[in-house]
Amino acid sequence: MGAVNSIAAVLQKRHADIEGAWLEQLTTASASSSGRVANEELKRQAQEFFKVFEQALSSGRIDAIAGPEWAEVRAFLEDLSRRRALAGFGSEDTASFVFSLKKPLFEALRQENIADPLQLAEGIWNVTMLLDKLGLHTVTAYQRAREGVINRQQQELLELSTPVVKLWDGILALPMIGTLDSARTQIVMESLLQKIVETESQIAILDITGVPTVDTLVAQHLLKTVTALRLMGAECIISGVRPQIAQTIVHLGVDLQGVTTKANLADALALALKRIGVTFSRQ
Amino acid sequence: MGEFLLVTLQVDMHDQLALRLQDDLTNAIQAKGSKGVLIDISALEMVDSFMGRMISDVSGMARILDAKTVLVGMQPAVAITLVELGMSLPGINTALNVERGMQLLRRVLSDDDDHRPR
C-alpha cells in the first residue's frame, strides 16, 4: 500500500523532527494535566512507542489494529494506560499521548507531499484513522482497568462487612454495617447459617447499629434472615435499634413477628446469656 | 426413642410416598401413645413447596393427636430456599439436631404438664 509506505517512509525520513515536535506537545500537555510524568520518562515512552509503531507499520497493514502485527503496540498502550491510571491520570490524558502524534505526522506528511495533494489527503486520512483507533484502544484499556479496581473493591467490601463473631458458646453476633440489599442479605444468611451449624449455636444477635436506614425492603431482608434462623432452630435477637429506626418501623407498619429487639449489643448479650442459662456473679 | 417418635426423611417425597408417610405416622402416634415426634430432614439437600406443605400437614395431624412435632436438622441452603419461597412454616418447632430436638420436646411437654388443670 502506497499510503502506508508513505507513512512509514515519512516516519523514517523525518524521525527526529517528528519526535521532537511530539515531545514538545507531550511536555506542554503534561504540565497542565492531572498526573505527573517526568520529562525523561516521557521521552523514553515516546521512543518506545515509536519503535513498536514503526515495526507494526512495516507490516503494511493499518486497517486491522486488532491483528497480530499490532499486538506489541496494543500491549505497550495497555501497559502505559494502566501505569498512568495508577499515577492518577484521567483517561483523556492517556489518549492524548496517542492523539498528539497527529499534528507532527500531518506536518511531516505535508512537507513530503507538497507536490501531490491527493497523496497528502490519503496519507492524512490513514494517519487519522490509525491514531484514532489506537487512541480509542487506550481509553478502553483504561476503563477496563478502572472497572477491575471497582469490582475488586466491591468484593472486598462485601467480605469485610459481614463477619460472624462468636460472643459465647452458643451465641453468635453479626454486626451489620452499611446498607442492606438483596445481594448482601444472601451472603449474610449463608455465612450466618453456616456458622450456626458449625458452632451449634442457639442464638444469633443481629446488630444493626451500622445500618443507616431501615425501609420496608431492608426490613424484609432482616425478617428473611430471622425466619431462616428460626427454621434451623436458632433464635434471633436484633440489637442496635436507633430511635429513628424504631419510628420508621412503626410508621411503615412493619411486623417484626415477635422478634426481640434491644437497643444495644450489651443488652442483647445479657438476654442471650440468660436464655442459654449462663449467669455471672460479681466477686 | 422412648416416648418420642423419630421420622427420618431421606429422599424426595412424591405424592404416594407422602400419603403413605402420613398414614404410617398417624397410626404410629396412636399405637405407641407418643407425645412427641421428631422429623429429621438433615439428609435433605433440597426442600420444595410440596415438601414444605407436607411437613406442615404432618405437624398439624400430630397436634390433633396430642403430639408435638419438632423439625430438626435443616441445612442452611434448605432454610434459605424455604424463606425465598415464602414458606416460614409457622407454628412448627425447630431445632438444630436430634439431641436439641429432644431437649426442646421435653421442655415443651413439661410446660404442658405444668399448665394442665388439676
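The values are calculated or read from the model by the stated rules, or taken from the named source; none is laboratory data. This structure is a prediction, so every number in the text was calculated from the model and none was measured. When we count neighbours, we look across all protein chains shown, and the Cβ atoms used for this are built from the backbone with ideal geometry, even at glycine.
The table that follows gives values for the structure above.
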| item | result |
| --- | --- |
| Listing of strands (runs of 3 or more DSSP E) fully contained in region A:194-283 that carry 2 or more residues being farther than 26 Å from residue B:89 by Cα and in contact (Cβ under 8 Å) with a residue 60 or more places away in the chain | none |
| Residue among B:29, B:39 that is assigned to a helix (DSSP H, G or I), of a type in the set (Val, Ile, Thr) and surrounded by 12 or more Cβ atoms within 10 Å (Cβ to Cβ) | B:29 |
| Test: residue in region A:146-166 that is assigned to a helix (DSSP H, G or I), charged (D, E, K, R) and under 30 Å from residue A:52 (Cα atoms) | yes |
| Residue A:63 being assigned by TED's automatic domain parsing to the domain that holds residue A:101, modelled with pLDDT under 80 and under 19 Å from residue A:135 (Cα atoms) | yes |
| Any chance residue B:48 is more than 24 Å from residue A:170 (Cα to Cα), out of contact with any strand residue (DSSP E or B) (no Cβ under 7 Å at 6 or more places or on another chain) and modelled with pLDDT of 85 or more | no |
| Within region B:83-111, tally of residues that are in contact (Cβ under 8 Å) with a residue 12 or more places away in the chain and outside any helix (DSSP H, G or I) | 10 |
| Any hit, region A:81-102, residues being under 30 Å from residue A:38 (Cβ atoms), in contact with an Asp or Glu (Cβ under 8 Å, 6 or more places away or on another chain), charged (D, E, K, R) and touching a residue at least 40 places away in the same chain (Cβ under 8 Å) | yes |
| Region B:52-96, residues that are more than 9 Å from chain A (Cβ to nearest Cβ), at pLDDT 85 or above and within 22 Å of residue A:194 (Cβ to Cβ) | B:81 |
| Residue under evaluation residue A:126, criteria (1) buried (at least 20 other Cβ atoms within 10 Å of the Cβ); (2) over 25 Å from the mean Cα position of the chain (by Cα); (3) assigned by TED's automatic domain parsing to the domain that holds residue A:103, criterion not met | (1) |
| Residue ID - surrounded by the fewest Cβ atoms within 10 Å (Cβ to Cβ), chosen from residues in region A:228-248 that are at pLDDT 90 or above and either of a type in the set (Ser, Thr, Tyr) or out of contact with any strand residue (DSSP E or B) (no Cβ under 8 Å at 6 or more places or on another chain) (or both) | A:239 |
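Conditions tested, residue by residue: (1) among the aliphatic types (A, V, I, L, M); (2) within 14 Å of another protein chain (Cβ to nearest Cβ).
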{"site": "A:156", "(1), (2)": "no, no"}
{"site": "A:177", "(1), (2)": "yes, no"}
{"site": "A:185", "(1), (2)": "no, yes"}
{"site": "A:199", "(1), (2)": "no, yes"}
{"site": "A:202", "(1), (2)": "no, yes"}
{"site": "A:207", "(1), (2)": "no, no"}
{"site": "A:214", "(1), (2)": "yes, no"}
{"site": "A:218", "(1), (2)": "yes, no"}
